[in-house]
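Notes follow the structure.
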Amino acid sequence: MTSKPLFKVLTPATDAQATIHIWFNDQPLSVPGGRSVAAALLAAGVQRFRATPVSGAPRAPYCMMGACFECLVEIDGMPSRQSCLVTVKDGMRIHSQEGARDLPPSSDMNPLENAHGR
Amino acid sequence: MRGHSVDSPDVLVVGGGLVGTAVAYGLAREGAKVTVLDQGDGGFRASRGNFGLVWVQGKGYGLTPYARWSRSSSRLWPGLAAALLEETGIDVSLKQPGGFHLCFSDEEMAEREKRLSTLQTELGDEYPYQLLDARELRERIPTVGPEVIGASYTPMDGHVNPLKLLRALHEAMQQRGVTLVNGEEIGRIVPETNGFAVHGKKAVWRAPKVVLSAGLGNRALSAQVGLHAPVAPNRGQVLVSERVAPFLHYPTINVRQTDEGSVQFGDSMEEVGYNDFTTADVLSTIARRGVRAFPLLKNVRLVRTWAALRVYSPDGFPIYEQSLQYPGAFVVTCHSGVTLAAAHAMRIAPWIKGGPIPDELAAFRGGRFLAAEHATSHAH
């Protein structure tokens, strides 16, 4: 699932960048804090972030600035989040985004995502 | 000077959007030698901004031949999609399961009934439709929201992937020998003894016939060859969501799920000149109506918005005409380049090649606007 990172952290660690613990596809990961989920996962050696909805091909972050939508993952139950635009936090549960996101059942329309202030 | 070479084409098509390429592809199928003169990337290009419906329902109210013409094209569409797939390997994702027009009020339902019953009276069995109440609609589309009180449905409607269509037409016509010239700007068209000289930035192009399918550019070009095409821009705004699991298996007039999972919202109409920018108020109105129709989309993310300019005639109907003054010059212009692509390839092209004119076309001459403008000037 993870391999030797292709990226390394350049700046010396500050308190904000201290190592935190998250979950990726139900496996514990130690990652540097104070950065986006995408940057943290890349630093930890994650290379496959999602599978495309059309062909199922594997994808990883490309632009790191919110334009390409290649870095989609599920974060704390919210599907298809742009991981380059979300700051990583201790305890986050992240899953790779497998194809198109599901829609909520028609009877279950809770405003979960808006409550997170997107 | 490429335009003067011995192997000059039989037909010059001005415009390489959905209309021009459908006509050029059809002409190539008929054995004609064709050159398409296309603008550069700065063109307005309605063909890259449209909604992708192959739609019949409700069209032609007030001008029945337009209903017949749209119906004829929707019937020819499976043949076009199959030919494009066979010739290019590109699947344009045509689906014609019928389409719904969702209604939120009794007034809207009454309007649908009036429009569709009038059209059915005029077209007969060729025009099947149903009006569905809330319960009947939910049996067909369980995901509609509580504010939707009913819908009209016709089995005639469908949708395609419009970008794949444009790509497939470009590919197919060139495989059949059509020459495509990109980045050309046409200024003057001069009738000559044996045809037309089309003056571009790159060259002077000559052919016995010229087809004007230049979208909004047709207005200025047609006047030079004795044709009248007073088209003007009509802005439509579109929103598209992230890809979601399949939830909607039919197109509706303003919400559809594409073959690849994204959801498109649209159907606005504004007369704002050559302004193809989006506006927050129109986009939010479209989004709100979309979420009222399908509340499960409430938290779905929008990934892109855009606007495009429809090529709109004063009555909203197409203009198809051969110049009386300069035979061999044709204008082909409409705002439904997707729906009518099959008719353009399979009925307009044979006519331009020299075949009989399709019956419906008598209603679509540009001269109808001259009469109206004349009457208007007298009224004042």
* **Ranking of B:298, B:33 by count of other Cβ atoms within 10 Å, fewest first** => B:33, B:298
* Asked: Can you give the extra length, in nm with one decimal, that the chain gains between residue B:240 and residue B:203 once fully stretched, where that is 0.36 nm per residue apart less the Cα-Cα distance?
  -> 9.3 nm
* To do: Under 1.5 on a/c is rounded, so check that first for segment B:99-155, then, if it is not, pick prolate when a/b is larger than b/c and oblate when it is not; a ≥ b ≥ c are the square roots of the alpha carbon gyration tensor eigenvalues.
  => oblate
* Structure fact -> GNM of chain B, Cα pairs under 10 angstrom: of B:100, B:247, B:51, the biggest fluctuation goes to B:247
* To do: Can you tell me how much longer the chain between residue B:140 and residue B:260 gets when fully stretched, taken as 0.36 nm per residue apart minus their C-alpha distance, in nm with one decimal?
  => 41.0 nm
* Structure fact -> Checking B:68, B:188, B:135 against a Gaussian network model of chain B (alpha-carbon springs below 10 Å), the top fluctuating residue turns out to be B:135
* Say each of residue B:193 and residue B:281 gets a label point 7 Å from the Cα, pointing the same way as Cα to Cβ; how far apart are those two points in nm? -> 6.0 nm
* Can you check how the C-alpha radius of gyration of the protein assembly as shown compares to 2.2 N^0.38 Å, as a plain ratio? => 1.13
* Calculated FRET efficiency for the pair residue B:220/residue B:33, C-beta based, R₀ 25 Å, to 0.05 -> 0.40
* Could you state the angle between the C-alpha long axis of helix B:106-123 and the longest principal axis of the C-alpha atoms of chain B, as a value from 0 to 90 degrees rounded to the nearest 10? => 50 degrees
* Report, to the nearest 10°, how far helix B:367-379 tilts away from the longest principal axis of the Cα atoms in chain B, using its own Cα long axis and a range of 0 to 90°. => 80 degrees
* To do: Mind telling me which of B:270, B:126, B:139 comes out most flexible in a GNM of chain B, alpha-carbon contacts under 10 Å?
  => B:139
* **Averaged over B:289-300, number of beta-carbon atoms from partner chains that fall within 10 Å** => 3
* Between residue B:232 and residue B:292, take the C-beta separation as r, use R0 = 25 Å, and let me know the FRET efficiency to the nearest 0.05. => 0.20
* **Highest-first arrangement of B:318-328, A:58-68, where packing means the average Cβ count within 10 Å** => B:318-328, A:58-68
* Structure fact -> Rounded to the nearest 0.05, FRET efficiency between residue A:102 and residue A:57 (Cβ-Cβ, R0 22 Å) equals 0.65
* Using the alpha-carbon atoms, what tilt in degrees (0 to 90, nearest 10) does helix B:280-293 show relative to the longest principal axis of chain B? -> 50 degrees
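Only the coordinates and a few stated rules stand behind these numbers; no lab work does. Computed from a prediction, not measured in an experiment: that's the story for all the values here. Reconstructed Cβ throughout: ideal geometry from the backbone, glycine too, with neighbour counts over all protein chains shown.
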